[in-house]
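Beneath this line is the structure, given in structure tokens, with notes to follow.
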Amino acid sequence: MKDRKIRVGVVGVGHLGFQHARIVHQLERAELVGVFDINLERAEYVAKRWDTKVFKDLYELLNEVEAVSCVVPTSSHYEVAKEILAHGIHLFLEKPMTETVKQAEELVKLSEKKGVKLQIGHIERFNPAVLAVHQFINHPKFIESHRLAPYNPRGTDVDVVLDLMIHDLDLIIFYLGKEPVKVEAVGVPVITDKVDIANARLEFDNGEIANVTASRISIEKLRKIRMFQKDMYISIDYLHRDVEFYRKYGDEIIPFFPEVNKSLEPLKLELESFVSSILKDTKPPVTGMDGLRALRVALRVKEDIAKRIHNFI
């Protein structure tokens with residue numbers, strides 16, 4: 001049916017889940033059926049704000065929806081996602097996908113077995129600056145990224161690699177179309193008991209190099225990636241949604257500034273794409289396999305950091 005709406009529930013309505021509920025409520029091709037959270041008071045607040053129903057039991061919600069946006073803490077991703085997929089419900093799962101590669105692999109297999117969509121929330125794929133330059137990226141040979149943020153207690157259930165760096169790891173894998181053959185990384189805990197600042201050097205099979213830095217103990221925010229490919233330098237500022245190119249024409253270096261539609265809201269684009277993939281029965285733009293690849297590389301970074309910290313101690 002042309003005007004059919006996908007019946008969607010939101011599981012986990014903390015800070016980010018609140019925004020998911022807001023956007024699902026606004027989407028033309030979705031109906032926000034209800035929300036669930038183990039914090040009933042919070043769930044009732046969000047439900048009232050977005051004119052929807054509170055479900056006191058996850059399974060009651062699953063019996064009423066076709067799709068779920070899952071925004072629970074990372075430590076609960078696997079168990080909650082497994083229940084949702086086992087019920088044959090399409091799933092949007094926030095990043096990082098799970099805590100282990102084995103868990104992520106199981107979710108991918110379960111989604112395939114049940115014939116449902118599994119999309120992972122790597123939101124930078126939908127950043128207007130990223131969308132504006134994708135057509136120009138052609139096998140970069142050197143990539144450098146910095147993602148720095150002030151300390152925020154939210155997100156500290158995981159370390160900085162899974163909290164922040166994984167965004168850039170996903171994009172680098174996306175741009176190069178493959179995972180690195182070698183990973184070297186360093187990092188240290190500073191404020192929390194987990195690694196708060198980290199740097200990774202990724203080497204790929206054709207000599208490509210990526211140098212990735214992430215910190216959640218910086219004074220100011222910085223989110224930039226710079227790519228160098230034949231006859232071109234590309235700089236993307238994720239935070240301010242700015243892009244600049246420098247292209248070689250003959251003996252001259254010419255600046256080029258692609259148009260960026262800064263009014264676009266990445267989370268809205270992300271959830272719209274999820275709903276659209278269900279309606280059109282197409283592959284989600286960020287699949288479970290994409291989430292698995294990013295997680296696999298992130299865990300390799302974590303492992304190398306842990307090894308070096310152990311050796312240092």
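Dividing the mean sequence gap of close Cα pairs (under 8 Å, 6+ apart) by how many residues the chain holds gives a relative contact order of 18 percent. Take each peptide in 266-272, 252-258, 157-163, count the other Cβ atoms within 10 Å of every residue, and average; sorted highest first, the result is 157-163, 266-272, 252-258. When you restrict to C-alpha pairs under 8 Å that are six or more residues apart and normalise by the size of region 61-220, the relative contact order lands at 20 percent.
Using a cut-off of 30 Å between Cα atoms, the listed pairs K102/K178; K114/K307; K5/K95 include K114/K307 as exceeding that distance. Taking Kirkwood radius over Cα pairs in Å as calculated from this structure, the corresponding entry among (1) 22.3; (2) 20.4; (3) 24.8 is (2). Between T100, T213, T287, the Gaussian network model of the chain with springs among Cα atoms under 10 angstrom shows the greatest mean-square fluctuation at T100. Ranked by how many other Cβ atoms sit within 10 Å of their own Cβ, fewest first, the residues F142, F18, F55 fall in the order F142, F18, F55. Measuring between alpha carbons in the structure, the pairs from K221/K262; K117/K221; K48/K194 lying more than 28 angstrom apart are K117/K221; K48/K194.
Could you give the DSSP H helices of the chain that reach 30 angstrom or more along their long axis (alpha carbon positions) and whose average Kyte-Doolittle hydropathy is no lower than -0.5? Don't skip to the end; give the middle numbers.
Values: long enough: 288-312 (36 Å, -0.20).
Qualifying helices: 288-312.
Converting phi to 3J(HN,Hα) with the Karplus coefficients 6.51, -1.76 and 1.60 and the offset θ = phi - 60°, region 241-249 yields 6, 10, 9, 9, 10, 9, 10, 9, 10 Hz in sequence order, with x at every glycine or proline.
Around the Cα centre of the chain, unit charges on the Cβ atoms of Lys, Arg, Asp and Glu (plus for the first two, minus for the last two) sum to a dipole of about 260 debye.
Summarising the amide proton neighbourhood of A30: residues at separation of 5 or more, or on other chains, whose placed amide H is nearer than 5 Å comprise I6. Please check: in the Gaussian network model of the chain (C-alpha springs, under 10 Å), which one of L32, L202, L176 has the largest mean-square fluctuation. So, out of L32, L202, L176, the one fluctuating most is L176.
Note on the chain: dipole from Cβ charges, positive end direction compared against L148, S235, V116; the farthest Cα belongs to V116.
Taking all Cα pairs closer than 8 Å and separated by 6 or more residues, the relative contact order of region 3-92 comes to 32 percent. Each peptide in 237-246, 125-134 was scored by the mean count of other Cβ atoms within 10 Å over its residues; highest first, the order is 125-134, 237-246.
Computed from the coordinates by the stated procedures, all read-outs in this text should not be read as laboratory data. Not measured: the values here are computed from a predicted model. When we count neighbours, we look across all protein chains shown, and the Cβ atoms used for this are built from the backbone with ideal geometry, even at glycine.
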